[in-house]
Each structure stands twice: as C-alpha cells, then as structure tokens.
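What follows is calculated from the coordinates using simple rules that are stated; it is not laboratory data. The structure presented is a predicted model; accordingly, all values stated were derived computationally and were not measured. We place every Cβ from the backbone using ideal geometry, glycine too, and count neighbours over all the protein chains shown.
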Amino acid sequence: MAKDILEVGGFSIKRRIGSGARSTIYEAVDDEDNTPVALKRVIYERAEDVRVFEQVETEFKTAQRVDHPYVRKCYKLKKIRVMFQVREMILSMELFDGVTLEEHPNLSLLDVLLVFRMVANGLNAMHQQGYVHCDIKPNNILLSKTGAIKIIDLGQSCKIGTIKRRIQGTPDYIAPEQVRRAPLGPKTDIFNLGATMYWALTGKNVPTLIPKKDTLDVFVKQPLRAPHELQKQIPEPISNLVMECVKEDPAARPKNMLEVVSRLDMLIHGIIGGALKPQNSYEQDRKRNNPEES
C-alpha cells in the first residue's frame, strides 16, 4: 500500500500512524519540497464511498480558507482517476505529534479549561471566515505533550447558514439543529463544544436528539444533570457555561464563540487567582465515578 502511494502521490512514506472507517493516515515527506506531512488516503471501493470523497474535498477546501494555529492545515489534494472516474484521493495535511483528547491521560480542571479555550479560539477563526466545523468531539481535538492543540477533520464543515440534505454529526455530540436539518451556524459549534466539555468534565455524554424510528419528527428527550451535580469538585460557574452551551434552543446558547472564549478566560483566571477552588481530588473522583476509564 505504501509503495502505491509513493509511485502515484509523490510522497515518501515513513510509517502508518492511524486509520479510520474509510481512510488510512501515514507520516510522510512531500518529495517536492521535503515538507513533513500527514497523508490521508481514501480508496473508492463501494458506492457509499462517494460521501467519503466529498468529505475529503470539503476538508481540503475549508482548510484552505482558514489560517489559524489551532486548526490543522491541508496542503494538497491529489485525485487518482481510473477510466475517467476518481478512484483514490490523497490529502496531505500538517503533521502534528499528538493524541486525541479521548486518548489523553487525565487532565486537571485548569488544563481542561485551557484546552477548550484554545479550541474555542480555533472555531472562532473558522466562524470569522464564514465556516462551521459541525463535528467537534474528543476524537477531533489533538493534544501534544507540550500543551499545543489542533482541531482536525473538517470533512463535515460547511458555510454558515447551510441546510444539509442529510443528518451529519456524531450522535453523542450532535446539535438539535443538525438532527432537524435546520440552518447551521456558529451556535452549532457551540453546542458540539459544550457537549465535548461535558464529557471531558464528567466522563458522560449529553443526551442528544435521536430519532426513535426512521422518522425525523419524533425524538427521545432525556434529563441532563449539570456537571457540578455529577462532580462536586467542579465549580458551579464552569458547570453553568457548559449547560448554556448545550441548550436545545440555539438562541439560549452564548451569542457567539468569542463570548465562550471570554467566559473561559474568566474561569481560568478565577482558578489561577484562587476565586474558584477545585479540590485536588477532581481527577480521581471523575475516574472513580467512571470506572471504564481506569
């Protein structure tokens, strides 16, 4: 497989570093300019792979419009055709040495807030360029050993105001307007971010709107307990921000991502300055309440 990429893609493969449902990721070097890159390779095998190709192209086009240190860059998109049909795509991306938030060891409460402040800043940069990510979740946030982060996987991103023909998103983090196929905007990312923060703080997921059957007009609603009710070490102001982000009505959420950044700033300063005092047992208590993380 690596040899095929070397011959048709103009990249020297160093190693395979990951794989998804329909893609494989490699660490490589671009032979044209010797730039270290991450390569995403997708191959057409069945009819539904057309959607995967669409997402790769979306990721490339969106990344070309957003230039921010917290959003992974995409450099080149190569399409390999056989008999006039695209059968393979190779996307070269910024190489980043990190693991997903889901894979990361336990973080302190302050670290969690610092990570999400950076994510919120990256999302705000996308919004400033007129785009929404639409799939923020723990697996789409990379963290390095030095504390840097990257927002990845822009394949479901779209222009603000887009109404998608089909439901796209990750069930545990999807916003109500994504399920209802309503216009998407910055507040969609605010919900996705809030649902991800909820998971990071509690180890549990926000109950989202999921169709009972094959219809889109009947939904299951479940009660949601605030993070500070599940983890007593979490100061209530932090819990309040998360709960506002995951409001069902977009109008009830923070007005924009800059407001989220500003409030995270205040919470971070509150912890550093001593106004907010999480107990030292935060990580242990979270782990004890979620034994599957042990």
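Scalar couplings 3J(HN,Hα) for segment 154-160, obtained by applying the Karplus form with A = 6.51, B = -1.76, C = 1.60 to θ = phi - 60°, are 8, x, 9, 5, 7, 6, 4 Hz; x denotes Gly and Pro.
Shown is the FRET efficiency for residue 244 and residue 15, computed with R0 = 25 Å from the Cβ-Cβ distance and rounded to the nearest 0.05: 0.05. The simple Förster model, with R0 at 25 Å and r as the Cβ-Cβ distance, assigns residue 163 and residue 111 a FRET efficiency of 0.10. Applied to segment 129-134, the Karplus parametrisation 6.51 cos²θ - 1.76 cosθ + 1.60 on θ = phi - 60° returns per-residue 3J(HN,Hα) values of 8, x, 10, 10, 6, 6 Hz, with x for Gly and Pro.
Under 5 Å between amide hydrogens, built in the peptide plane, is the criterion, and for residue 71 it picks out 151 among residues at least 5 positions away or on other chains.
Restricting the trypsin sites (Lys or Arg not before Pro) of segment 10-70 to loop positions (DSSP other than H, G, I, E, B) with no more than 11 neighbouring Cβ atoms within 10 Å leaves 46.
Taking the chain as a Gaussian network of alpha-carbon nodes connected by springs under 10 Å, the highest mean-square fluctuation of the residues 35, 188, 208 belongs to 35. With contributions of -39500 (n - 2.57) from each DSSP H run of at least four residues, the per-residue ellipticity at 222 nm computed over the chain stands at -11000 deg cm²/dmol. In this structure, the pairs whose alpha-carbon distance is over 20 Å, taken from 14/137; 145/204; 14/76, are 14/137; 145/204. Compute the angle between helix 109-128 and the longest alpha-carbon principal axis of the chain, please, reported from 0 to 90 degrees and rounded to the nearest 10. Taking the Cα atoms of the chain, the angle to 109-128 is about 50 degrees. Taking trypsin sites (Lys or Arg not before Pro) across segment 124-204, the ones in a DSSP loop with at most 11 further Cβ atoms lying within 10 angstrom of their Cβ are 145, 165, 166.
Less than 5 angstrom separates the built amide H of residue 76 from those of 92, all sequence-distant by 5 or more or on a different chain. Spacing of the modelled spin labels on residue 45 and residue 224, each 7 Å from Cα toward Cβ, amounts to 3.6 nm. Which residues in segment 16-44 have a backbone N closer than 15 Å to a point placed 7 Å from the Cα of residue 82 along the Cα-to-Cβ line? Backbone N within reach: 42-44. Given the Cα atoms of segment 99-293, and with Rh set as the inverse mean 1/r over their pairs in the Kirkwood sense, what is Rg to Rh to two decimals? Result for segment 99-293 is an Rg/Rh of 0.95.
Tell me, what is a quarter of the convex hull surface for the C-alpha atoms of segment 150-192, in nm² with one decimal?
Dividing the Cα hull surface by four gives the mean projection, 3.1 nm².
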